[in-house]
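A.B. asks: Sharing a structure here in C-alpha cells format.
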Amino acid sequence: MSRSSTTEPAATPISAASVPRRSKPPRREAGNCLPNRGQSTFEHRRQLVSTQRFTAEFKEEAVRQVVERGYRVPDVAARLGVSAHSLYKWVKAVSPDRSEQQSQELLEAKSEVLRLRSQLRRTEEERDLLKKAARYFAREPE
C-alpha cells in the first residue's frame with residue numbers, strides 16, 4: 001500500500017490576502033478611557049442606563065407573580081425581561097414598610113405590658129386584703 005494510491009486534493013495555501021482583517025477600534029489617548037473627552041464618568045454611565053419604562057399594570061402583574069403566586073424574583077425577572085433589581089424594588093414598594101409594622105408591634109406590646117401591670121397591681125391588692133383578713137380571723141378571741 002503506497003500513499004500515492006489514495007489521492008487527496010491538494011490543500012490551497014492560505015495567504016495573508018485571503019484572510020479577512022478585523023478592524024481595530026480607534027486608539028484613545030492615555031488616561032482618557034471615555035468615548036468622548038468632555039464627558040464625566042457619571043454622564044457616560046447615564047448613557048448606558050436603559051431608559052425603558054414599564055406600565056403600572058405590567059409592574060403590578062410582575063409583583064403579583066412574586067407575592068401571591070410564590071414565584072422567585074430571579075425567575076420572574078428572567079421570564080419578563082426585567083432586571084431582578086428592578087423587580088425587587090417594585091415588590092418592596094408594594095409590601096408594607098417594615099418600620100411601620102415594627103412600630104405597630106411595639107405599640108401592641110406596650111399596651112399589653114400596661115394591661116398586665118394593672119392586673120398585677122389589682123391581684124397584689126387582693127392578696128394583701130386576704131392576708132389581713134386571715135390574720136384578723138386567726139387571732140384568738142379574748
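Just so it is clear, none of the values below were taken in a lab; they were calculated from the coordinates. Bear in mind the structure is a predicted one, so any value in this text is a computation, not a measurement. Positions of Cβ are generated from backbone atoms using ideal geometry, with glycine treated the same way; all protein chains shown enter the neighbour counts.
A.B. asks: Note down the net charge around residue 120, summing +1 for each Lys or Arg and -1 for each Asp or Glu among other residues with Cβ under 14 Å from its Cβ.
C.D. replies: Residues near residue 120 contribute 0 overall.
A.B. asks: Name the residues whose placed amide hydrogens come within less than 5 Å of the amide hydrogen of residue 83, ignoring near sequence neighbours (fewer than 5 apart) on the same chain.
C.D. replies: none
A.B. asks: With each label point set 7 Å from Cα along the Cα-Cβ vector, what nm distance links residue 115 and residue 95?
C.D. replies: Taking the simple label geometry, residue 115 and residue 95 are separated by 2.9 nm.
A.B. asks: Sticking with this one: With θ set to phi - 60° and the Karplus curve 6.51 cos²θ - 1.76 cosθ + 1.60, what are the ³J(HN,Hα) couplings of segment 119-133 in order, to the nearest whole Hz, using x for Gly and Pro?
C.D. replies: Calculated HN-Hα couplings, in order: 5, 5, 4, 5, 5, 5, 5, 4, 4, 4, 5, 5, 4, 5, 5 Hz.
A.B. asks: Please list, in order along segment 78-84, the HN-Hα scalar couplings obtained from phi with the Karplus expression 6.51 cos²θ - 1.76 cosθ + 1.60 (θ = phi - 60°), rounded to whole Hz, x for Gly and Pro.
C.D. replies: Result, ordered by residue: 5, 5, 8, x, 10, 6, 5 Hz.
A.B. asks: Using 7 Å Cα-to-Cβ label points, what is the residue 60/residue 78 separation (nm, one decimal)?
C.D. replies: Once both label points are built, they end up 2.9 nm from each other.
A.B. asks: If you add up the charges near residue 108, with Lys and Arg at +1 and Asp and Glu at -1, over every other residue whose beta carbon is less than 14 angstrom from its beta carbon, what do you get?
C.D. replies: Spelling it out: positives minus negatives among the neighbours equals -1.
A.B. asks: Can you tell me the length gained on complete extension of the stretch residue 88 to residue 108, counting 0.36 nm per residue apart and subtracting the Cα distance?
C.D. replies: 4.2 nm
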